[in-house]
Amino acid sequence: MRRRLLAPSLALLSLPSLAAAQPARPAPPPEEPTINEATVSAPSRREESLLETPRAVSADNRRGAARALARDLGDRLEELPGVFLQRTTTASAMPIIRGLGGQRTLLLFDGFRLNDSLTKVGGNALLSLIDPASVRRLEVVRGPASVMYGSDALGGVVLVVPVDAAPRADGAAHLYGELSTRAASAERSLTAQGMVEGEVGRFGVMASGTLGTLGPIVAGGDLGTQPFSGHGDRAFTVRGMVEAGAGHSLGLGYTSSEITNAPRPDNSLPDDRRVFRLQQRDLVYARWSVRRGSITVQARAGLIRRVETRDRLRAGRVDTEYDEVFTPQGTAHLAWTTSRGTLTTGLDVAADQVGSYTDTVRGDSGPQRGRGRYLDRSDYVTGGVFAHYALRLASRRVLLEAGARAALTSVDSPADGSFAAYTRLYSAPVASLGVRWLVTRGVALMANVLGGYRAPNLDDYQALGAGARSYDVPNPDLGPERSWTAELGARIARGPMEGALFVYGSTMSGLVTRVPSSFNGMTMIDGRRVYTRMNASEARLIGVELDLTATARSGLYASFSAGYTWAEATTSQDGASTTEPLSKVPPAYGRVSVGWRRATHWIDLLATGMLSQARLSASDRDDVRLCPDGPTMCSEVPGYVSFTARGGVRLHPSVTAALAVENVLNAAYTPFGGGFPAAGTNVIVQLRGQTE
């Protein structure tokens with residue numbers, strides 16, 4: 001693997017000659033797009049100015065990702081305000097937005113749902129199974145977005161926008177390429193990424209790929225090498241587009257990613273190892289778009305196949321769990337724009353077909369097949385119809401938005417030896433209302449009332465087996481989660497200052513929580529306390545988000561971002577009500593950075609950290625990722641501060657070198673909910689070339 005990764009480094013030497021064959025172009029400016037310049041599409045399914053939207057939203061781009069020396073999309077996402085990242089394994093990267101993650105934060109790639117019916121409440125690799133070389137922009141909508149995207153969008157939405165090879169308006173031929181290699185010391189990683197895109201006439205095509213290996217990592221302080229860490233990954237993407245006529249385009253795409261041999265460090269012992277042997281996702285899809293005057297129609301159809309194979313390795317016994325999800329998806333929406341506003345209406349549907357089983361091998365005997373973590377041949381369908389209207393008033397200084405969705409979810413679960421077959425059908429209305437007032441140039445005030453909705457998925461209904469914090473048993477009687485969120489915000493992009501402040505409060509009903517239970521009369525199985533899922537009677541969340549950046553003409557800048565969510569839930573069990581903190585809610589966290597950025601070089605100095613978290617639920621205290629010494633010895637999850645220095649220089653118009661030192665003080669700490677300690681002092685070297 002490591003020898004294969006040396007070739008891209010040598011290939012960088014040829015990029016200057018390739019660049020010479022291209023028309024000379026000025027070097028791109030060092031600055032990121034300002035709020036006034038940046039556009040986003042996640043809040044309303046259409047491109048709009050970041051300053052214009054009333055929602056709490058942030059976005060990055062490829063230039064910022066290169067400067068951050070990001071290895072994967074998790075590294076990129078951590079650069080954005082209002083996002084906390086949990087990594088159970090080195091391959092997982094679960095965003096937590098406003099205290100909610102897993103099933104309650106929706107991930108989208110080019111408009112396709114990556115969440116499926118087996119998405120867990122805890123750590124997952126959905127984000128990691130995206131080719132980072134193919135991504136143009138990440139967008140994060142904080143707060144419920146169920147009107148536009150349906151189930152799971154309670155905490156927020158992460159939209160991954162890929163590189164588009166759109167034919168040029170003049171039909172001119174064009175070719176562009178990027179190639180980068182990255183090596184890191186303490187995380188012991190080597191990564192190579194490449195992307196090429198070109199257009200000629202009415203046709204455009206792009207291809208990208210990523211190949212990497214990581215671990216075992218060396219943690220900070222005296223913690224040393226972490227034996228149950230590391231993985232290999234690869235990804236490939238190809239996309240094509242043709243302009244079939246004026247305002248009419250058709251696109252096709254295929255992307256495949258896999259992660260291999262990722263141990264669970266929080267749940268492994270030398271004589272009892274648990275490994276994600278394979279995590280894989282394939283997506284093939286088509287996009288169609290037509291614009292006629294003030295009307296735009298877009299449609300997408302695709303098929304996703306996701307596979308996860310998990311091994312538990314013990315002396316004389318190997319248990320292999322296999323899960324597979326086939327998901328045909330489709331979405332279509334129409335946008336009609338007039339001088340006063342835009343009406344967007346559409347529909348979407350995703351239909352999961354699940355396969356799940358467990359093979360057990362004892363000694364020299366052949367495999368014995370049994371029930372998987374989920375029930376084989378289960379079906380799960382989610383979708384809905386929606387409408388959203390944005391009305392501009394007072395010479396466009398005031399924007400009013402209103403939206404509604406009729407959501408529908410169906411579940412078909414077959415019988416097994418312990419549980420009867422059942423079907424479930426849920427329908428729910430969801431609504432939202434928002435206003436943005438442009439007080440003066442570059443200053444806006446926002447207010448939103450947002451409805452949220454999530455139907456229980458098959459992980460809620462059917463999960464059976466041991467995890468990081470419990471032995472889970474199914475509950476087929478769960479109902480949907482509903483929420484209402486009120487938020488107030490301000491956004492500024494004036495002179496050297498830009499940033500945003502949001503405060504929010506949410507009330508949730510039916511929130512699915514974990515509660516102690518029993519299975520066949522047992523309260524402890526396989527060394528884990530038995531838990532099941534139950535709808536809480538209510539939950540409450542209050543929080544604040546702040547990000548602010550000041551930039552001088554000289555290129556000097558200073559930036560600060562922070563977030564905090566307070567949350568609790570009330571459950572009723574056996575006639576008694578219990579109120580406790582909501583599970584897996586991070587403490588207050590933040591980032592401070594200063595630096596100097598010019599067209600040919602830059603330097604960033606950063607401090608990131610979190611406070612301690614003493615607000616823990618009973619389920620949290622049973623989670624070895626939060627309380628490794630057990631529930632009785634756990635009073636809080638400790639905080640930490642980590643320092644990073646990074647910089648880069650353009651060696652040639654086509655070649656840039658960058659260096660970073662993470663965890664400068666070699667601190668020993670574990671991020672909240674992490675399954676392993678953070679890497680110690682980590683020296684990263686990156687070499688990046690491009691043809692223009």
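Annotation note: Cβ proximity below 7 Å between a residue of the range 611-640 that is under 14 Å from Pro671 (Cβ atoms) and a residue that is of a type in the set (S, T, N, Q) (sequence gap 6+ or interchain) occurs for Arg625/Thr88; Val637/Ser612; Val637/Gln613; Pro638/Ser612; Gly639/Ser612. Of all residues in the range 44-70, those satisfying the criterion of being farther than 29 Å from Thr656 by Cβ and small (Gly, Ala, Ser) are Ser44, Ser49, Ala56. Suppose we filter Leu223, Leu175, Leu214 for residues that are among the aliphatic types (A, V, I, L, M) and either free of Cβ contacts under 8 Å to residues at least 12 places away in the same chain or touching a helix residue (DSSP H, G or I) at 6+ places or on another chain (Cβ under 9 Å) (or both); which single one remains? After ruling out the rest, the residue left standing is Leu175.
Of Arg454, Arg494, Arg436, all but one fail to be surrounded by fewer than 21 Cβ atoms within 10 Å (Cβ to Cβ) and of a type in the set (Lys, Arg); the exception is Arg494. Here is a check on your reading of the model: is Val290 out of contact with any Leu (no Cβ under 9 Å at 6 or more places or on another chain) and either in a strand (DSSP E or B) or free of Cβ contacts under 8 Å to residues at least 24 places away in the same chain (or both)? Taking the combined requirement at face value, the residue satisfies it.
The single condition among (1) out of contact with any Asp or Glu (no Cβ under 7 Å at 6 or more places or on another chain); (2) of a type in the set (A, V, I, L, M, F, W, C); (3) at pLDDT 90 or above that Ala500 does not meet is (1).
I'd like the full set of residues that are hydroxyl-bearing (Ser, Thr, Tyr) and within 15 Å of Arg597 (Cβ to Cβ), limited to the range 633-665. Answer for the range 633-665, where residues must be hydroxyl-bearing (Ser, Thr, Tyr) and within 15 Å of Arg597 (Cβ to Cβ): just Thr656. Of all the residues in the range 242-276, those that are more than 30 Å from Thr88 (Cβ to Cβ), in contact (Cβ under 8 Å) with a residue 12 or more places away in the chain and out of contact with any Leu (no Cβ under 8 Å at 6 or more places or on another chain) number 7. In the range 357-382, of all residues being among the polar types (S, T, N, Q) and touching a residue at least 40 places away in the same chain (Cβ under 8 Å), the one that is surrounded by the most Cβ atoms within 10 Å (Cβ to Cβ) corresponds to Thr382.
Tally the residues that are surrounded by fewer than 20 Cβ atoms within 10 Å (Cβ to Cβ) and either touching a helix residue (DSSP H, G or I) at 6+ places or on another chain (Cβ under 9 Å) or of a type in the set (A, V, I, L, M) (or both), restricting the search to the range 238-272. Residues that pass the stated criteria total 7.
Summed over the range 539-561, the residues that are in contact with a strand residue (DSSP E or B) (Cβ under 7 Å, 6 or more places away or on another chain), free of Cβ contacts under 8 Å to residues at least 60 places away in the same chain and either outside any strand (DSSP E or B) or farther than 23 Å from Ala588 by Cα (or both) give a count of 2.
Residue count for the range 554-602 satisfying the condition of being hydrophobic (A, V, I, L, M, F, W, C) and over 13 Å from Leu541 (Cβ atoms): 11. Among the candidates Ala667, Ala599, the residue that is at pLDDT below 95, part of a loop (DSSP other than H, G, I, E, B) and not hydroxyl-bearing (Ser, Thr, Tyr) is uniquely Ala599. Applying the criterion of being farther than 16 Å from Pro581 by Cα and either at pLDDT below 90 or outside any strand (DSSP E or B) (or both) to the residues of the range 602-627, the residue that is nearest to the chain's Cα centre (by Cα) is Arg625.
Could you list, in sequence order, the residues of the range 386-399 that are loosely packed, with under 15 Cβ neighbours inside 10 Å and outside any loop (DSSP other than H, G, I, E, B)? Of everything in the range 386-399, those that are loosely packed, with under 15 Cβ neighbours inside 10 Å and outside any loop (DSSP other than H, G, I, E, B) turn out to be Leu393, Val398. Among residues of the range 68-86 that are under 15 Å from Val683 (Cα atoms), those with a beta-carbon under 7 Å from a residue that is surrounded by fewer than 23 Cβ atoms within 10 Å (Cβ to Cβ) and of a type in the set (Asp, Glu) at least six positions away or on a different chain give the pairs Ala68/Asp75; Ala68/Glu79.
Whenever a residue of the range 669-686 is crowded, with 21+ Cβ neighbours inside 10 Å, its partners that are acidic (Asp, Glu), lying with C-beta atoms within less than 6 angstrom and at least six residues away or across chains, give the pairs Gly675/Asp266; Ala679/Glu187; Asn682/Glu187; Asn682/Glu662.
With respect to being in contact with a helix residue (DSSP H, G or I) (Cβ under 9 Å, 6 or more places away or on another chain), surrounded by 17 or more Cβ atoms within 10 Å (Cβ to Cβ) and either within 22 Å of Trp566 (Cβ to Cβ) or hydroxyl-bearing (Ser, Thr, Tyr) (or both), Leu611 falls outside the description. So which residues in the range 305-346 are buried (at least 19 other Cβ atoms within 10 Å of the Cβ) and among the aromatic types (Phe, Trp, Tyr)? The one that is buried (at least 19 other Cβ atoms within 10 Å of the Cβ) and among the aromatic types (Phe, Trp, Tyr): Tyr322.
The values are calculated or read from the model by the stated rules, or taken from the named source; none is laboratory data. Remember, predicted model here, so these are calculated numbers, not experimental data. Here Cβ is always computed from backbone atoms with ideal geometry, including for glycine, and neighbour counts include all displayed protein chains.
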